[in-house]
Each structure stands twice: as structure tokens, then as C-alpha cells.
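The values are calculated or read from the model by the stated rules, or taken from the named source; none is laboratory data. All figures in this text were calculated on a predicted structure; none of them were measured in a lab. Don't worry about glycine lacking a Cβ; one is built from the backbone with ideal geometry, like all the others, and counts go over all protein chains shown.
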Amino acid sequence: MNIESRIARLEERLTWLQKHTTEQDRVINSQSLEIGKLTKALLALKKQVPVSPDDGSEMPEERPPHY
């Protein structure tokens, strides 16, 4: 393999890696935004669930109507 073909092959690989890195950055950014939205939604849901003062559990102590 001569030097020109080796350089061409390395340039092809570099181009592919740059494209792949750009795509990964886009996906990671998108996932980060989604995680932020999900975290806010989870915190909002946690605020809706009463916390028992004696044991710190997040389950209400009330019995369902069918008991």
C-alpha cells in the first residue's frame, strides 16, 4: 500500500469519525433535554404524593374504599 492510498484511507476514516461524533453530540444533547423534562415531571409527581411523617414513606396511609 503506497503512502497516497494510506493517506486517502485515513482521510476517509477521519471524515467518518467527525460525522459520527457530530451525530453523537446531537443525540446526547437531545437526551439531556429529555432527561431534564422527565426530572421536572417526576418532581411534580412527587409533590402530589403525601409523605407519612412517621416513617417517611411516600405511600398514603389511607385504605382504599374496597377495604
message: Which condition from (1) polar (S, T, N, Q); (2) at pLDDT below 90; (3) under 24 Å from the mean Cα position of the chain (by Cα) is the one that Gln31 breaks?
response: (2)
- request: Output the residues belonging to the stretch 5-53 that are among the β-branched types (Val, Ile, Thr), closer than 30 Å to Arg63 by Cβ and assigned to a helix (DSSP H, G or I).
  value: none
